[in-house]
Each structure stands twice: as structure tokens, then as C-alpha cells.
Amino acid sequence: MTPMPTLCIYNPATGALITEIAADDATSVAAKANAARAAQPAWAARPIAERLAVIERFRAALLREIEPLASTLTHEVGKPISQSRNEINGLIPRLDFFLEQAEGAVRDQHVFDGGGMHEQISHVPLGVVANISAWNYPYFVGCNVIVPALLTGNAVLYKPSEYATLTGQHITRLMHDSGVPPALLACLVGGADVGRALLAQRIDGLFFTGSHATGQRIAQVLAPRLIKLQLELGGKDPSYVRADADPLAAAESLADGAMYNTGQSCCAVERIYVHADVFETFVEHFCRTVDTLKAGDPMDPGTTLGAITRAPQLAVLAAQVADALAKGATLRRGGHPLPGPGNGFEATVLTEVNHTMDLMREESFGPLIGIQKVHGDDEAVALMNDTRYGLTAGVYTRDEAAARALLSRVDAGSVYWNCCDRVSPRLPWSGVGDSGLGLTLSAQGIQTFTRPKAWHLRSP
Ligand code: NAD
């Protein structure tokens, strides 16, 4: 008999084994996919008020259990406990948005009536959708898909990251306790092999959050099947500080944008361009702000720099630092892994950087930032657009008209004026180029879980 597969879950801050849990295999994935398909029509037939009530109960459960949920998240991904609480609290306005908007977003539209002809558009659930997701914000990236997919009448096969599985199981349990039929939302436990087994099932849509490399592999597998595919991928998000900006306020905002969640945010600030007039003041204050970060036990409420969740990323960060230094960069802060146990890396700031360096071209996904001096808007825009990614981009300036003009020239899904590292449920979340395909959030991020059906109705 083949032994049941298991998944070991480690604490990235200590290296200790947290637990070993039963994982899925191809057989169990197929069984869950079949059960989800059988359960979906009855769910879609329920009045939307019932589906909304389920999400209301899920919302209440999250707030009731916030402490144990935050603790689990911190233990398995190494996120500082205050930031784990922030993530769960931050999910609430997203749920509120979906609760307020879902009904209207998929309401039938009557678009024409004349000459005995009536035209209307209805929104039909896709059916069974798969959600393969990342570990860095598991509540956000999981629920951006699960919640609108369920509200619009779909079944969901949810594969959380192998690095955030306990949180994925909690989300699934709370959904079931709130009234989602167990077969309708299944949690698939495991790594890439389980993800691949999921792709082999009959699914009607794949919603993925993760790296560009994995997204591309998934797109290749699914291409012949012509099913809906959404990919929310990585970034190398730039920000530009103009000569007229307040360099101190910009430094504080951007240090937070680069280092929050230990730099492991898809929309973390990854490159900064600063006008020569304010460069030294900015860099000095940026470094002073970084000095206030506190590494340590992520369960300690005072810790603000957590663990690197995936151990192999430590070598990526070290290699980017070495490459930059070899090409002439100056190390202003950090640059090294923190002494173990666990996966720590110092908050690292480099200047005298340029685009020959990996640090300015490849996603770092850690507490590492390059700050480059520029001499004007055109140079800054050219550098910001010199990337294969396009998730977010920002500018700091006192001049709104200049900001709007600049941001309209930057190729990114989201653009920011005097802010960064920000996601709003009211706005579409999407990427340009290698940052992805499709979108979540906003009313369109609800409709995306349906297909439009066109009705041509002629009165006899
Ligand atoms: P990853 O690509 O390593 O893994 C993502 C998911 O894909 C995991 O669940 C993994 O098990 C699964 N997987 C891996 N190989 C697979 C395969 N061949 N077939 C099917 N599934 C497979 O990414 P990660 O390390 O979990 O996440 C970090 C990345 O996610 C970063 O690049 C980050 O920028 C990106 N991200 C993007 C957004 C966004 O909204 N754009 C949000 C969060 C994270």
C-alpha cells in the first residue's frame, strides 16, 4: 500500500518543526474535484442572500478568533504578530466591500428594449474554480478569490501555499462552520505536486497568486484547454522622489513600503529613484528609519522585522547584495543574514546602484532596497519603465499635476501619489507584463468569477 503523503510545517523564525499533517495526492485531489462539481449547482441555485449571510458569519468568526489565527500565521510564515493581526483586520473592509457589491455586480443588465426585441446580460458562475496561492498574505490572496467566487455561485478548490497551509485550513474550516457545504470549498494540502494534480482536474477557471516562473508554467499547462486564467505575479515596484517632495516624509513612507512584512509583499517598494537635490537628506533619513526596525521573535509584539519565510530566499538576497557590491554599489545598512536559528536577513540599504545590477532588475522579496540618484522626471520615468514587471509604481511630490502627468507615463497596474504598498478593495488589482494577467478586487474582480450570457428575446 502506498503510504499517505504528509507535509511538514516548520517555523521559519526558529527552524523548529511545528507539525506534520496529512497531505493530498492525485487520488484525493480528484475526489475533491468531483465532489465540488457535484455540489456547485445547488449552491448556485441558492438565493444570493443566503450566500451573503455565510460570508457575514465568516467575517464574525475571523474577528472572534483573531488571536489564535494571528498566532498560527506568525508561527508558520514568520510574520511579526502585530502584522498578522493587521492582515486579518485588513481583510474585514475587503469582506465588507464584497458583501456590499456582490449582488449589484452580477445583477442582470437590461441593455435594450425596442421593436419587440429585448436584450439582456446575465452573469453565470464559471462553475468549479481553482485557487493556487502564495504564502505572504494568505488571508488576502486566498479571500480575494474564495469570497467573490463563492458569492457568485462557484465551487472552489483551494490550494494554499505549502508555507501557509495551517492558515489555509483555518480559512476553510471557518467557511465550513459559517455554512459553506464542505464539498463546495475544499482545501488541498501539499506543494507543487498537488498544484499540478489540481491542474489535471476538470476546472472552469484557475486563479493563481505566486511567482512569475510558476505562473508561466501553469499558463503553459492550461493553454490547450482555453479556460479562464488569472495570474497575480511578482513585481519590481519603483518609486520616485522628486526634488519638490518632502524628503523626510517620503523616506518614512518608503522605508515602511520596502520593509513591511519583511519586504515580502508583492507590492513592496523594490527600487527607489531620488532627485539629486534631496538625495542625501532622503538617504540619511531612510537609513535612520530603517534603524528603528527591530528583528527578533515574531511573537514579540515589539518585533517589526520578521523571518524570511522560504529559506532559499536568503541566498537570493545575499547574491543580490554581492552582485551590487561587485558592480560598485555602496552598502549603507545591513547586507547579511542574521545569526540563526531561523531565516533572518538584516534590513539592507544600498546606494550608488544602477540597472546593471540584479538588485534593480529581479524581484528581491526581502528587506533589501536599492536607492538610485536621478536628475529629472524623464530619467526617472525611463528607469521606472525599464523592467519586465508592472505591478505598482509611485511618485512623491507636492505637485499633483506633475504626479498625474508622471504616473500616466508609467506602465503599472496601480499607481500611487505620496503613498505606496497599498491595496484597496474598491480598485482593480492587476499587473502589466510579467506581473500578471486578469484582476481581482473592485466590482470587476467580482464579475471575473462569472461569464456573461447574452439574451436576445423577441416578443411573439
Ligand atoms: P510560488 O510560485 O513558489 O508558489 C505559489 C503557489 O504555486 C504555491 O501554492 C505552490 O505550491 C504552487 N505551485 C508551485 N509550482 C507549481 C506547479 N508547477 N503547478 C501548480 N502549482 C504550483 O510563489 P510563492 O513563493 O508562494 O509566492 C511569492 C510570489 O508571489 C512572489 O513573486 C510575489 O510577488 C507573488 N505574489 C503576487 C501577488 C500579487 O497580487 N500580484 C500577491 C502575493 C504574492
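The values are calculated or read from the model by the stated rules, or taken from the named source; none is laboratory data. Computed from a prediction, not measured in an experiment: that's the story for all the values here. Note that we place each Cβ from the backbone using ideal geometry, even for glycine, and neighbour counts take in every protein chain shown.
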Of all residues in the range 125-169, which are of a type outside the set (A, V, I, L, M, F, W, C), part of a helix (DSSP H, G or I) and within 11 Å of the ligand (Cβ to nearest atom)?
-> Pro138, Gly142, Asn144, Thr165, Gly168
Could you tell me whether the range 218-228 includes any residue that is assigned to a strand (DSSP E or B) and either farther than 25 Å from Leu317 by Cα or more than 16 Å from the ligand (Cβ to nearest atom) (or both)?
-> yes
Consider Leu185 carefully, then state whether it is away from the ligand (no atom under 14 Å from the Cβ) and either at pLDDT 95 or above or surrounded by fewer than 20 Cβ atoms within 10 Å (Cβ to Cβ) (or both).
-> yes
Reported set for the range 229-241 where residues are farther than 30 Å from Asp277 by Cα and within 9 Å of the ligand (Cβ to nearest atom) is Leu231, Glu232, Leu233, Gly234
Evaluate the range 97-106: report whether one residue or more is in contact with a His (Cβ under 7 Å, 6 or more places away or on another chain) and over 30 Å from Ala307 (Cβ atoms).
-> yes
For the range 267-280, indicate whether the set of residues that are in contact with a strand residue (DSSP E or B) (Cβ under 9 Å, 6 or more places away or on another chain), hydroxyl-bearing (Ser, Thr, Tyr) and at pLDDT 95 or above is non-empty.
-> yes
Filtering the range 330-367 for residues that are in contact (Cβ under 8 Å) with a residue 40 or more places away in the chain and among the hydroxyl-bearing types (Ser, Thr, Tyr) leaves a count of 2
Whichever residue in the range 394-419 is among the acidic types (Asp, Glu) and without any contact (Cβ under 8 Å) to a residue 60 or more places away in the chain and, among such residues, is surrounded by the fewest Cβ atoms within 10 Å (Cβ to Cβ) | Glu400
Please specify each residue of the range 196-205 satisfying the condition of being crowded, with 24+ Cβ neighbours inside 10 Å and near the ligand (Cβ under 10 Å from one of its atoms).
-> Leu198
Do the conditions hold for Glu119, that is, is it in a loop (DSSP other than H, G, I, E, B) and touching a strand residue (DSSP E or B) at 6+ places or on another chain (Cβ under 8 Å)?
-> no
Residue tally, condition touching a Ser or Thr at 6+ places or on another chain (Cβ under 7 Å) and assigned to a helix (DSSP H, G or I), over the range 59-97 | 9
Only residues that are closer than 19 Å to Glu56 by Cα and under 16 Å from the mean Cα position of the chain (by Cα): list them for the range 142-167, please.
-> Gly142, Cys143, Asn144, Val145, Ile146, Val147, Pro148
Taking the range 170-182 as the search range and keeping residues that are β-branched (Val, Ile, Thr) and part of a helix (DSSP H, G or I), which one is surrounded by the most Cβ atoms within 10 Å (Cβ to Cβ)?
-> Ile171
